[in-house]
Every structure is written in structure tokens, then in C-alpha cells.
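A.B. asks: Dumping the structure here so I can ask a few things about it.
The numbers here are math on the coordinates, done by the rules we state, and not lab data. Because the structure is a prediction, the values reported are computed rather than measured. Note: ideal-geometry Cβ built from the backbone for every residue, glycine included; neighbour counts use all protein chains shown.
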Amino acid sequence: MSTILRDVPAMFDGCDRVVSFPEGTKTIRLLQLTDMQFIDAAQRRTPDRLRIDEIRAWDPANFDQQCGNHIRGLINQTKPDLIFITGDIVYGSFDDAGSTLEWLIAFMDSFGIPWAPVFGNHDNESRKGVAWQCDQLENSAYCLFKRGNVSGNGNYSVGIAVGDTLVRVLYMIDSNGCQSEDPDVISNRGIYPDQQALFEAQAAQITQSQGRPIPAFAAFHIPTREFIDAENSKNYRTEDKEFYTIGVDVPAKDADFGCKYEHYSDRSVLPGTYLDFFKSCHVDGVFVGHHHSVNTCISYEGIRWIFGLKTGQYDYHLPYLLGGTLVTLDGADFSVIHTPSLVYCTNFARDARVFTGFFVDDTPV
């Protein structure tokens with residue numbers, strides 16, 4: 001059983017939140033969820049925004065059937081001690097009333113497990129406003145979210161401690177890039193200089209308070225250029241083959257795994273490079289989402305670059321590959337494995353089809 005420390009004691013100086021485990025705890029399990037993308041079809045802004053099967057399916061009464069039970073089963077499979085969510089939790093343009101986010105917060109709190117979210121490029125589209133969204137998350141019983149006072153909304157650090165010893169830090173970062181009417185939302189993608197300065201200062205404080213550098217994870221929504229550099233460094237992507245499964249289509253190197261069945265390039269990742277920033281914060285694992293049909297885990301420059309397994313079935317995805325990413329901490333070491341949910345996403349209400357991509361028959365059911 002863990003304890004959430006919101007008023008962080010001096011021994012953990014530099015952390016915004018701490019999740020403390022009893023002395024003697026050997027392993028700690030973290031579960032990454034990403035791109036859950038809950039929508040309320042009744043809140044769509046234009047009548048033709050969804051197909052008829054999606055309208056029937058994404059009624060709030062069906063939230064459990066469409067994704068909730070999927071997540072519930074996944075948590076039962078993995079039994080995580082801490083959950084972190086790398087964005088696109090709800091589609092804000094389908095949640096102008098804020099009721100979907102309220103449902104989601106109550107749902108996540110129901111597990112009694114500390115959870116740490118960041119926003120994706122769709123969350124802050126809600127006309128309810130980002131300040132209201134932040135307030136709901138910060139007032140949640142088990143949510144670790146903190147808005148922060150630098151670029152973006154949701155930049156904070158979570159220390160993971162065993163007794164009085166800090167074993168790892170989780171840096172939750174807003175990668176921005178949401179198109180919103182809210183002036184507090186930054187539409188241009190990026191991890192801005194003041195964000196980097198915040199986390200570098202926290203890493204320095206943590207090193208000083210602990211008397212040693214503490215290994216860390218960075219978690220955010222939109223990938224960086226380094227994800228492209230990682231796959232290129234292993235020759236997984238070639239001119240003849242852009243899409244692949246590591247270990248099947250291309251030989252696996254350095255315990256890499258996962259598949260890539262979606263194009264991404266410099267235009268779809270964060271501008272600039274961040275390798276030096278991550279290294280300055282002692283990061284050895286970077287977790288993102290955003291690209292629903294990519295779930296590679298590739299080692300590059302001493303860091304594992306991990307696309308989490310897409311969690312929710314709304315929007316395009318790889319059929320039968322929905323779930324989460326389990327991270328197991330063992331001291332300073334960690335392992336990563338994708339965990340597809342064993343709970344099959346239910347058929348849409350009234351026998352409508354499960355949405356698996358853009359190219360489907362739009363014939364009304």
C-alpha cells in the first residue's frame with residue numbers, strides 16, 4: 001500500500017508529489033495508459049461530426065462498455081502501484097460540458113491507485129476551459145496532477161520512494177499543441193525553454209537532497225525528434241520498408257520490440273531536439289502516445305524511447321492491440337512490456353460496428 005505525499009518533506013526536495021512505498025518493497029509496477037479518447041457523441045458540435053454507429057455507441061451510458069471495462073480489466077491484469085496517462089484522455093471537442101472528464105476522474109479514483117495524467121493535443125479543446133479542467137484534476141482524491149506555472153498546463157514531478165529513499169522520478173510534461181479558443185492553451189507543439197528549466201532545476205534539487213542523481217522517466221504526449229533518430233540508428237526504417245514489426249520484419253537489437261504501422265516525420269513530432277535536456281534530468285526512459293498505430297520500444301543513446309500501447313478504441317488504431325504499457329521497477333533497473341487488454345472492446349450499441357479505422361462502410365445501421 002502506498003501513501004501520496006502532496007506536502008513533500010525536505011528529504012524529497014525537488015519533487016512536486018511523492019508516492020511512498022513501505023520499507024522493504026522490492027518491485028513497483030507502473031502502468032502507462034494513453035489516447036483513451038473518451039467522447040460523448042451527444043456533445044458533438046456539428047450534426048455530421050460522427051457516423052451513425054459512433055453516435056449510437058458513444059453515449060455516456062456506454063462508457064463502461066466502450067472503454068471502461070477494457071481499462072478495468074487491464075488494471076486487474078497488471079495490478080499497478082501507480083498509473084500515468086500520456087494525454088488525449090478525453091476529446092475536449094466532445095466535452096464542452098465537462099461531464100466526460102468528471103466521469104473519467106471518478107472512474108480513475110475508483111481504483112484507489114495514484115494516477116498522474118498530462119494533457120494531449122485534444123484534451124483542452126473543451127469550452128469548459130483549461131483552468132476548470134486543471135481544478136478538477138487537482139481536487140481529485142488519487143490524482144497527482146499539478147498545473148505548474150510554466151508554459152503549458154500540467155508540468156510536475158512525481159517522486160517514487162521506498163521508505164526514506166527516493167528510487168525514481170517521473171517527470172510529467174505538457175507537450176502543448178492543442179488547437180483551442182482558450183488563451184491559456186499553447187497551440188504550437190513543443191517543450192518550451194521555461195519547462196526545461198523547471199525540470200532541470202528540480203533534477204538538481206533532487207540530486208542535492210538525495211546526495212546522488214536519481215534515475216527518471218519523462219512522460220508526455222507528442223514524441224520528439226529522438227524517436228525518429230532511434231529507429232534510424234537501428235536501421236529499422238528503410239527506403240523500402242517504413243512499416244515493420246521488430247523481430248519479425250527487421251531483426252531486433254538491444255531487446256527492442258514493438259511495431260510501427262503509421263507514418264511520422266519531422267512534421268509530426270515536436271520541433272527541435274531534447275536529448276541533452278533529458279540527459280541533464282537523468283532520464284533513461286521516455287514515454288509518449290499520440291501515434292495510435294506505433295508501439296515501438298527502442299534503445300538509443302542510453303535511453304529507452306517508448307510509444308505506449310493505445311488504450312481507447314475511438315479514432316484509428318490497430319485492431320486487437322489496445323491496452324497499456326507495464327513498467328516494472330526493480331531498484332534502479334526497469335523493464336517494459338506492452339499488455340493488450342484481455343477484455344475485448346464490446347460491439348457498439350445496437351449492433352453497430354467496432355471502429356477500427358477511417359476506411360469503413362458508412363451505411364447506416
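A.B. asks: Of all residues in the stretch 135-164, which are surrounded by fewer than 19 Cβ atoms within 10 Å (Cβ to Cβ), in contact (Cβ under 8 Å) with a residue 12 or more places away in the chain and among the polar types (S, T, N, Q)?
C.D. replies: GLN136, SER140, SER151
A.B. asks: Residues in the stretch 327-346 that are more than 16 Å from LYS79 (Cβ to Cβ), buried (at least 18 other Cβ atoms within 10 Å of the Cβ) and over 16 Å from the mean Cα position of the chain (by Cα): how many?
C.D. replies: 2
A.B. asks: Right, another one. Would you point out the residue of the stretch 90-134, among those that are β-branched (Val, Ile, Thr) and in contact with a strand residue (DSSP E or B) (Cβ under 8 Å, 6 or more places away or on another chain), that is surrounded by the fewest Cβ atoms within 10 Å (Cβ to Cβ)?
C.D. replies: From the stretch 90-134, those β-branched (Val, Ile, Thr) are 90, 100, 105, 113, 118, 130; that's our starting set.
If we keep only those that are in contact with a strand residue (DSSP E or B) (Cβ under 8 Å, 6 or more places away or on another chain) as well, we get 90, 100, 105, 113, 118.
On the way: VAL90: 28, THR100: 23, ILE105: 22, ILE113: 17, VAL118: 27.
Ranking the candidates gives ILE113 first.
A.B. asks: Filter the stretch 116-161 for residues that are over 17 Å from GLN37 (Cα atoms), among the hydrophobic types (A, V, I, L, M, F, W, C) and touching a helix residue (DSSP H, G or I) at 6+ places or on another chain (Cβ under 8 Å) and give the result.
C.D. replies: If the condition is that a residue be over 17 Å from GLN37 (Cα atoms), among the hydrophobic types (A, V, I, L, M, F, W, C) and touching a helix residue (DSSP H, G or I) at 6+ places or on another chain (Cβ under 8 Å), then ALA141, CYS143, PHE145, VAL150, ALA161 are the ones that fit.
A.B. asks: Next question, about the same structure. Considering only residues that are within 12 Å of ILE306 (Cα to Cα) and in contact with a Leu (Cβ under 8 Å, 6 or more places away or on another chain), look in the stretch 219-247 and name the one that is surrounded by the most Cβ atoms within 10 Å (Cβ to Cβ).
C.D. replies: Pass one, the stretch 219-247, residues within 12 Å of ILE306 (Cα to Cα): 219-224, 226-228, 230-231.
Applying the additional criterion that residues be in contact with a Leu (Cβ under 8 Å, 6 or more places away or on another chain) yields 219, 222-224, 226.
Working: ALA219: 28, ILE222: 24, PRO223: 24, THR224: 26, GLU226: 20.
Across the stretch 219-247, the extreme among qualifying residues is ALA219.
A.B. asks: Go through the stretch 115-156 and report how many residues are of a type in the set (A, V, I, L, M, F, W, C) and either in a helix (DSSP H, G or I) or out of contact with any Asp or Glu (no Cβ under 9 Å at 6 or more places or on another chain) (or both). Lay out the reasoning, then the answer.
C.D. replies: So in the stretch 115-156, the residues of a type in the set (A, V, I, L, M, F, W, C) come out as 115-116, 118-119, 130-132, 134, 137, 141, 143-145, 150.
After this cut, where a residue has to be either in a helix (DSSP H, G or I) or out of contact with any Asp or Glu (no Cβ under 9 Å at 6 or more places or on another chain) (or both) as well, the list is 116, 130-132, 134, 137.
Here the count works out to 6.
A.B. asks: Here are ILE206, ILE186: which of them is of a type in the set (A, V, I, L, M), touching a strand residue (DSSP E or B) at 6+ places or on another chain (Cβ under 9 Å), outside any strand (DSSP E or B) and within 22 Å of GLN37 (Cβ to Cβ)? It would help to see each step written out before you state the result.
C.D. replies: Working: ILE206 fails: within 22 Å of GLN37 (Cβ to Cβ).
After applying the criteria, what remains is ILE186.
A.B. asks: Further, regarding this structure: Which pairs turn up if I take residues in the stretch 200-214 that are in contact (Cβ under 8 Å) with a residue 60 or more places away in the chain and closer than 12 Å to CYS15 by Cα and look for partners that are in a helix (DSSP H, G or I) and of a type in the set (Phe, Trp, Tyr) with beta carbon separation below 7 Å, at least 6 apart in sequence or on another chain?
C.D. replies: SER209/PHE12
A.B. asks: Let me ask you something else. Do you know which of the residues in the stretch 230-257 that are touching a Phe, Trp or Tyr at 6+ places or on another chain (Cβ under 7 Å) and not β-branched (Val, Ile, Thr) is nearest to VAL286 (Cα to Cα)?
C.D. replies: Filtering the stretch 230-257 for residues touching a Phe, Trp or Tyr at 6+ places or on another chain (Cβ under 7 Å) gives 230, 233, 236, 243-244, 246-247, 250.
Then keep just the ones that are not β-branched (Val, Ile, Thr); that gives 230, 233, 236, 243-244, 247.
On the way: ALA230: 12, SER233: 17, TYR236: 19, PHE243: 21, TYR244: 21, GLY247: 21 Å.
The qualifying residue nearest to VAL286 (Cα to Cα) is ALA230.
A.B. asks: For HIS282, work out the one condition from (1) touching a Pro at 6+ places or on another chain (Cβ under 6 Å); (2) crowded, with 20+ Cβ neighbours inside 10 Å; (3) not small (Gly, Ala, Ser) it doesn't fulfil.
C.D. replies: (2)
A.B. asks: Just to verify a result, which residue in the stretch 261-287, among those that are under 18 Å from the mean Cα position of the chain (by Cα) and not in a loop (DSSP other than H, G, I, E, B), is nearest to TYR316 (Cα to Cα)?
C.D. replies: PHE287
A.B. asks: Ok, one more. Could you please give the count of residues in the stretch 248-279 that are surrounded by fewer than 12 Cβ atoms within 10 Å (Cβ to Cβ) and basic (Lys, Arg)?
C.D. replies: 1
A.B. asks: Here is a further query. If you go through the stretch 290-315, how many residues are buried (at least 16 other Cβ atoms within 10 Å of the Cβ), in a loop (DSSP other than H, G, I, E, B) and either more than 14 Å from the chain's Cα centre (by Cα) or of a type in the set (Val, Ile, Thr) (or both)?
C.D. replies: Narrowing the stretch 290-315 to residues buried (at least 16 other Cβ atoms within 10 Å of the Cβ): 290-300, 303-315.
Cutting the leftovers down to in a loop (DSSP other than H, G, I, E, B) gives us 290-293, 295-296, 308-315.
With either more than 14 Å from the chain's Cα centre (by Cα) or of a type in the set (Val, Ile, Thr) (or both) added as a condition, the list becomes 293, 296, 311, 313-315.
So the answer is 6.
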